[in-house]
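One structure below.
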Amino acid sequence: MPMDALTARKSMPFQDVVRRLLEVVKDDQIKVNEPLEYYTYTKIGGKADILVLPATFSQVKGILLRAKQLQVPFMVMGNGSNVIVKDGGIRGIVIVMTRLISISLQKNQITAQSGIPLAVVSRYAWLHHLSGLEFAVGIPGTVGGAVCMNAGAYGGQISEVLERAVVLTKDGQCLSLTHQQLHFEYRDSVIQRESHIVLEATFRLEQGDGDEIKAKMDDLTQRRASKQPLEYPSCGSVFKRPQNDYAARLIQVSGLQGFRIGDAQVSTKHAGFIVNLGHATASDYIQVIRHVQQTVLERNGIALNHEVKIVGEDV
């Protein structure tokens, strides 16, 4: 939220914020000075002043409204698969949605809450002989993050199967948005542009043959394992695909595979990934990203935009 975070910390002691949050969540759903490296796929990140783990839609709304009343900044996270948290951490409240994991089926529509991993929804669809989410079997993000950024892989993307999404606006209003109202673009949506919070999403799928669906998912899983550096922590594919080209190809032909700062390295297995070799910091990661962008621009004349979100403060 746009405000002076330092002023917020001075004007509202942590215990007062926690006391107000306990009006809507239980004690075990709040953590103070919590290291965010426990919540990110990169295994890096400074501390959150206050981290909250809501389990219901009403709790999410209650947290949001109290943050606004207290003028405390907040941000929302899923399972941290597409985010780099800076080493100085995040001021204010971090709302982690991973306890919102209900899923249900009605005919050929699956409705899933925002905190459930998208890969789990993909497998749920297969178990019910529903086709359309096979591409998502290897996407590590949650439903909320995937809908927000129109995640995709292997020729498929969320916008092709999403029927509607229930969101909470930054003013605390609950809206049900249709596919058309979400205004999807490549790795973007109105949710991201308007800072909505995804509560749940409904996917419209097609009846299919269970064996064929499983075979396609197995093939994509094998392809992912053979080409991506899954043995190391990472934030997945770092850069958006440039028009008529691939970020990984541009990085590779620029001679950047293996480039390393600290323990953050451009993967030698897949140039589109930056991996944590063990003790990387967010600063290491961000410096590698900037170096890759500068080098690709100088050598190929193409500006790479990162799809990974970089949040928080420097040390």
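The values are calculated or read from the model by the stated rules, or taken from the named source; none is laboratory data. This is a predicted model, so every value here is computed, not measured. Cβ atoms come from the backbone with ideal geometry, glycine included; neighbour counts cover every protein chain shown.
Given the criteria surrounded by fewer than 20 Cβ atoms within 10 Å (Cβ to Cβ) and modelled with pLDDT under 95, does residue 155 qualify? First the steps, then the outcome.
Working: surrounded by fewer than 20 Cβ atoms within 10 Å (Cβ to Cβ): yes; modelled with pLDDT under 95: yes.
Yes; evaluated as a whole, the condition is true for this residue.
Okay, residues lined up against (1) within 24 Å of residue 91 (Cα to Cα); (2) modelled with pLDDT of 95 or more; (3) among the aliphatic types (A, V, I, L, M):
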site	(1), (2), (3)
251	no, yes, yes
262	no, yes, no
285	yes, yes, no
299	no, yes, no
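Is segment 39-54 home to any residue that is closer than 19 Å to residue 285 by Cα, in a helix (DSSP H, G or I) and of a type outside the set (Asp, Glu)?
Yes, there is a match, as at least one residue in segment 39-54 is closer than 19 Å to residue 285 by Cα, in a helix (DSSP H, G or I) and of a type outside the set (Asp, Glu).
Could you please give the count of residues in segment 256-274 that are in contact with a strand residue (DSSP E or B) (Cβ under 7 Å, 6 or more places away or on another chain), in contact (Cβ under 8 Å) with a residue 40 or more places away in the chain and not in a strand (DSSP E or B)?
We begin by selecting, within segment 256-274, every residue in contact with a strand residue (DSSP E or B) (Cβ under 7 Å, 6 or more places away or on another chain); these are 256-259, 263-267, 272-274.
When the remaining residues are screened for being in contact (Cβ under 8 Å) with a residue 40 or more places away in the chain, the result is 256, 273-274.
Next, only the ones that are not in a strand (DSSP E or B) stay: 256.
Matching residues across segment 256-274 total 1.
Just the residues that are at pLDDT 95 or above, of a type outside the set (Val, Ile, Thr) and assigned to a helix (DSSP H, G or I), please, taken from segment 183-213.
210, 211, 212
When the residues of segment 127-169 are filtered to those that are in a helix (DSSP H, G or I) and among the charged types (D, E, K, R), which remaining residue is farthest from residue 189 (Cα to Cα)?
Applying the first criterion (in a helix (DSSP H, G or I)) to segment 127-169 yields 127, 134-138, 143-149, 158-160.
Narrowing the set further to residues that are among the charged types (D, E, K, R) leaves 134, 160.
Numbers: 134: 21, 160: 13 Å.
Checked segment 127-169; the qualifying residue farthest from residue 189 (Cα to Cα) is 134.
Determine which single condition residue 241 fails, assuming it passes every other condition in (1) surrounded by fewer than 20 Cβ atoms within 10 Å (Cβ to Cβ); (2) assigned to a helix (DSSP H, G or I).
(2)
With within 26 Å of residue 242 (Cα to Cα) and surrounded by fewer than 18 Cβ atoms within 10 Å (Cβ to Cβ) as the only criterion, which of 207, 181 stands out? Outline the logic, then answer.
Values: 207 fails: within 26 Å of residue 242 (Cα to Cα).
Answer to the selection: 181.
Under 6 Å between Cβ atoms, which residue pairs at least 6 apart in sequence (or on different chains) link something in segment 21-41 that is loosely packed, with under 13 Cβ neighbours inside 10 Å with a partner that is at pLDDT 95 or above?
Close Cβ pairs (under 6 Å, with a partner that is at pLDDT 95 or above) amount to 33/47.
Identify all residues within segment 275-315 that are crowded, with 21+ Cβ neighbours inside 10 Å and assigned to a strand (DSSP E or B); write none if there are none.
Selection gives 275, 276.
I'd like to check something: does segment 103-116 contain any residue that is of a type in the set (A, V, I, L, M, F, W, C), in the same structural domain as residue 195 (by TED's automatic domain parsing), crowded, with 21+ Cβ neighbours inside 10 Å and not in a strand (DSSP E or B)?
Yes; the residues of segment 103-116 include at least one that is of a type in the set (A, V, I, L, M, F, W, C), in the same structural domain as residue 195 (by TED's automatic domain parsing), crowded, with 21+ Cβ neighbours inside 10 Å and not in a strand (DSSP E or B).
Which members of segment 170-182 meet the condition of being of a type in the set (Gly, Ala, Ser) and not in a strand (DSSP E or B)? It would help to see each step written out before you state the result.
We begin by selecting, within segment 170-182, every residue of a type in the set (Gly, Ala, Ser); these are 172, 176.
Once the filter is applied, which keeps residues that are of a type in the set (Gly, Ala, Ser) and not in a strand (DSSP E or B), segment 170-182 yields only 172.
On the basis of being touching a helix residue (DSSP H, G or I) at 6+ places or on another chain (Cβ under 9 Å) and outside the structural domain of residue 118 (by TED's automatic domain parsing), does residue 224 make the cut? Before you say what the answer is, go through the steps one by one.
Values: touching a helix residue (DSSP H, G or I) at 6+ places or on another chain (Cβ under 9 Å): yes; outside the structural domain of residue 118 (by TED's automatic domain parsing): yes.
The answer is yes for residue 224.
Could you check segment 257-274 and list, in sequence order, the residues that are surrounded by 18 or more Cβ atoms within 10 Å (Cβ to Cβ) and closer than 19 Å to residue 83 by Cα? Explain how you work it out, then say what you get.
Just the residues of segment 257-274 that are surrounded by 18 or more Cβ atoms within 10 Å (Cβ to Cβ), to begin with: 259, 261, 264-267, 270-274.
Residues satisfying the conditions are 261, 264, 265, 266, 267, 270, 271, 272, 273, 274.
What number of residues within segment 126-167 satisfy the criterion of being farther than 13 Å from residue 201 by Cβ and either aliphatic (A, V, I, L, M) or without any contact (Cβ under 8 Å) to a residue 12 or more places away in the chain (or both)?
Of the residues in that region, 5 qualify.
Among the residues of segment 175-216, write down those that are farther than 24 Å from residue 82 by Cα and in contact with an Asp or Glu (Cβ under 7 Å, 6 or more places away or on another chain).
Matches in segment 175-216: 204, 213, 216.
Say we look at segment 55-73 and pick out the residues that are in a loop (DSSP other than H, G, I, E, B) and within 20 Å of the chain's Cα centre (by Cα); which of these is nearest to residue 286 (Cα to Cα)? Break it down stepwise before answering.
Kept after step one, since they are in a loop (DSSP other than H, G, I, E, B), are these residues of segment 55-73: 55-56, 71-73.
Within this subset, residues satisfying the condition of being within 20 Å of the chain's Cα centre (by Cα) are 55-56, 73.
Numbers: 55: 32, 56: 34, 73: 23 Å.
Of everything passing the filter in segment 55-73, 73 is nearest to residue 286 (Cα to Cα).
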